[in-house]
Amino acid sequence: MLTEQNIETITLGGGCYWCVEAVYLNLRGVISVVSGFAGGKPDNPSYEAVCSGTTGHAEVIEIKYDASQLSLTEILEMFFSVHDPTTLNRQGADVGTQYRSVIFYHNNQQLETIKAVLAELNGMEIFDNKIVTEVSPAPKFFAAPDYHQNYYNNNKNQSYCAFVIKPKLDKLKKYFASKLKDN
């Protein structure tokens, strides 16, 4: 049963927020996913300003989830499987600090979980290169304009959605099928 105590928030950046948003919208236990910006200046930046790479903001998603159905460890396992955490300020063709791999934690318990997951991943040597994901306290979050929300589901026929986002969703279905919402 969903209670206020079970609701957690985590903020993740793994390149273009459209890609990461699409992954988490499909998970059982996720209450909401909002695309936006965090980690830079000025307050309330425009999409165009963030895309310029001059604001210090990253494209991120803010996830609210029911921790009794989905753990932070599971969220992080999915996060590290659907983007490349070893490239600094780059995801595929998207280059700049706004596309950095980042986890903004909201409390010390989350920080401890993040450290444990990173230690486990580094110990397993899954990646060819070192994980460079930034881990920082959650700064103020700024929601992106409405037309950026639920982008994949509203624009499935666009080539970016078909060639960049859909393969991430296919990977999610392959490896985390038991965590998906019933369709």
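Bear in mind that the values in this text are calculations on the coordinates, not laboratory data. Nothing here was measured: the structure is a model prediction, and the numbers come from that model. When we count neighbours, we look across all protein chains shown, and the Cβ atoms used for this are built from the backbone with ideal geometry, even at glycine.
Counting only lysines at least 8 places from Lys115 when in the same chain, those with an alpha carbon closer than 20 Å to its own are Lys130. When you count the other C-beta atoms within 10 angstrom of each residue and take the mean per peptide, 18-30, 72-84, 168-180, 101-113 line up highest first as 18-30, 72-84, 101-113, 168-180. Normalised by the number of residues in the range 55-171, the mean separation of alpha-carbon contacts (under 8 Å, six or more apart) gives a relative contact order of 26 percent. For the range 124-183, just say rounded, prolate or oblate: build the C-alpha gyration tensor, square-root its eigenvalues into a ≥ b ≥ c, call rounded for a/c under 1.5, and beyond that prolate if a/b exceeds b/c, oblate if not. Because a/c hits 1.5 or more and a/b fails to exceed b/c, the range 124-183 counts as oblate. Rounded to the nearest 500, the 222 nm mean residue ellipticity of the chain from helices alone is -9000 deg cm²/dmol, with -39,500 (n - 2.57) taken per DSSP H run of at least 4 residues.
Summing Cβ point charges (Lys, Arg +1; Asp, Glu -1) relative to the Cα centre of the chain gives a dipole of roughly 340 debye.
Farthest towards the positive end of the charge dipole of the range 1-153, among the residues Phe37, Asn129, Ala67, is the Cα of Phe37, using unit charges on the Cβ of Lys, Arg, Asp and Glu. Please compute the alpha carbon radius of gyration of the chain, then divide it by the globular-protein estimate 2.2 N^0.38 Å. Two decimals is fine. With N residues counted in the chain, Rg over 2.2 N^0.38 Å equals 0.97.
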